[in-house]
Amino acid sequence: MGFPSIRAEILFHGSHLYHSRCVKNPYTIDQVLEQIQSALSESALVQPERPSLVMRNPGKRVDHNGIEVQDEAVFECTGRKPYADLYSVIPVGDGLKQRPKKR
């Protein structure tokens, strides 16, 4: 695609992912780790039609609710910093209306 290469490591800070999946949505940390592992599997493919750098596992995984999902990893990359920063994961197809957890 003519873009410069990125480094072969992924940075992960986790604050956005934790707040969007574990605080606002009903996922546990273990479930998010499953999503990350699936989204970054060897079979995952880059989704070039997306505006940001997204990788999606083309295979489906059965989530904790018994629903087949395809996990996507969303990266934040910039030209100044040649690192792939894992920004979020999305369990596409979970069909859930995400509601904040009651604390």
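Here, each number is a calculation from the coordinates, and none is a lab measurement. Just so it is clear, the structure is predicted and the values come from calculations on it, not from any experiment. Positions of Cβ are backbone-derived with ideal geometry, glycine not excepted, and every protein chain shown enters the neighbour counts.
Between residue 53 and residues 5 or more places away or on another chain, which pairs have amide H atoms under 5 Å apart, with H built 1.01 Å from N, and which residues are they?
75, 77
When N is the residue count of segment 1-45, what does its C-alpha Rg come to as a fraction of 2.2 N^0.38 Å?
That ratio works out to 1.44.
Provide 94, 30 in ascending order of the number of other Cβ atoms located within 10 Å of each residue's Cβ, fewest first.
The order, fewest Cβ neighbours first, is 30, 94.
Find, among the trypsin sites (Lys or Arg not before Pro) in segment 1-52, those assigned to loop by DSSP (not H, G, I, E, B) with at most 16 other beta-carbon atoms within 10 angstrom.
Counting only loop positions with at most 16 other Cβ atoms within 10 Å, the trypsin sites (Lys or Arg not before Pro) in segment 1-52 are 7, 24.
Could you run the Debye sum over the Cα atoms of segment 5-83, one equal point scatterer each and no solvent, and tell me log10 of I(q)/I(0) at q = 0.15, 0.17 Å⁻¹, two decimals?
-0.58, -0.75
For segment 3-91, which GluC sites (Glu not before Pro) are both in a DSSP coil and crowded by at most 14 other Cβ atoms within 10 Å?
Numbers: sites: 9, 34, 42, 49, 68, 72, 76; in loops: 9, 42, 49.
The qualifying sites are 9, 42, 49.
With all distinct Cα pairs included, what does the Kirkwood hydrodynamic radius of segment 21-61 come out to in Å, to one decimal, could you say?
Across segment 21-61, the inverse of the average 1/r is 11.3 Å.
Hey, fewest Cβ within 10 Å first, where do 45, 53, 40 land in order?
45, 40, 53
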